Amino acid sequence: MDGIARRASPVSRGGRTVVIVAFDGVQLLDVTGPVEVFTTANHYGADYDVRVISLAGDAVTTSSGLVISADGTPGTLPPRLGTLLVPGRRDWRSAVADTDLVGLVARLSGRAKRVASVCAGAFVLAEAGILDGRRAATHWELASQLATAYPQVCVDGNPVFVRDGQVTTSAGITAGIDLSLSLVEEDWGADVARNVARQLVVFMARPGGQAQFSARLAPRQPRHPAVRRVMDRVTADPAGRHTRATLAASGGVSARHLERLFRSEVGITPGRYVEAVRVEAAQALLADGTGTVEEVARQAGFGSSESLRRVFRHTLGVSPTVYRARFRSTVGAPRPVAG
């Protein structure tokens, strides 16, 4: 034995069969990332039956040109499924135009205890009606397209993944690993998920509410010099005194005008930007430092540990203490021997 584990007792069994739907043009890592997570979990006491299927049971050509084989057709699946996972493809319009694919996903979703998607896979779920009235995530670059194409879906382009009832949707590519780790943790507990993360040399599942990208490296670069000055001031000193008045003064405009500029060029208010930068500062301090939560709160500009806890729970869905434990779970712990 390689020390990989006694059989664990499931915390909340989601059903052992994990079905991943493959099709031509699918993003390779959308498929292989979750496959690695679930199959690695089996080395630590989980009991997943992972099936990669295609409509006709044929091999598919992925986005990278690599051809992957399927385990069979939908007809080879058991009547009840644990998890149905739908990956995405860059050209999501081609995916949703494939009525056979969309119909298959719709039918299988009715047999699954839970449904998940990675990246642009959310478009297929939306086309199948599975996301109607639900919150959903996708790659930040595709969020506005998902919202426009499917107005009945409440799209949030910021989190790594979003869970709404029994449906979980994730952001781009590697976020499928985070999503899969969270499902393993739900089924088999934190210890199994943590062991999988260590084996794959990734962080223990990032909290779903964590932003896909840094507020300080936002993809929408502001054109107005006042906005740039304010952003530079905040990122240089997250703990500084950043009131509406001081921010407006640093930008050389009125507070009302600065808010209009921020909404137009950044997509959020100056106050929300300050909070986002402070959350990132606190995340870095918690992950890399040894200070108490109270000290981290003060250094990041929250003033008190209670304010930090409130913002973390609202933004990330976890407490600062849990965040620190997750991001440190792969540091300094004994690593399993590869089998």
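Put +1 on the Cβ of every Lys and Arg and -1 on every Asp and Glu Cβ in the chain; which of PHE23, VAL105, SER117 then has its Cα farthest towards the positive end of the dipole? After comparing all options, I get SER117. Using the alpha-carbon atoms, what tilt in degrees (0 to 90, nearest 10) does helix 190-200 show relative to the longest principal axis of the chain? That helix lies at roughly 90 degrees to the long axis. Among beta bridges identified by DSSP and lying wholly in the stretch 17-200, the antiparallel ones come to about 25 percent.
In plain terms, if you count all Cα to Cα distances in the chain and split them into 20 Å steps from zero, the share in each step is 29, 53, 18, 0 percent. Legend: translational diffusion of the stretch 44-194 by Stokes-Einstein, Rh = Kirkwood radius over C-alpha pairs, 25 °C, 0.890 mPa s; D = 156 µm²/s.
Taking the longest Cα principal axis of the chain as reference, the axis of helix 175-188 is set at about 70 degrees.
In the stretch 215-315, Rg over Rh equals 0.99, where Rg is the alpha-carbon radius of gyration and Rh the Kirkwood radius from pairwise Cα distances. How many percent of DSSP beta bridges within the chain run antiparallel, rounded to 5? Percent antiparallel among DSSP bridges in the chain is about 30. Which of PHE161, GLY72, VAL37 sits closest to the plus end of the dipole of the chain, meaning its Cα is farthest towards the positive end, when Lys and Arg get +1 and Asp and Glu get -1 on the C-beta? My answer, from the dipole projection, is PHE161. For the chain, relative contact order (Cα pairs under 8 Å, six or more residues apart, normalised by length) works out to 14 percent. For the chain, a crude dipole built from +1 on the beta carbon of Lys and Arg and -1 on the beta carbon of Asp and Glu, taken about the Cα centre, is about 1100 debye to the nearest 20. Rounded to the nearest 10 degrees, the inclination of helix 28-41 to the longest alpha-carbon principal axis of the chain is 80 degrees.
Values quoted throughout were computed directly from the atomic coordinates according to the rules given, and no laboratory measurement underlies them. Nothing here was measured: the structure is a model prediction, and the numbers come from that model. Note that we place each Cβ from the backbone using ideal geometry, even for glycine, and neighbour counts take in every protein chain shown.
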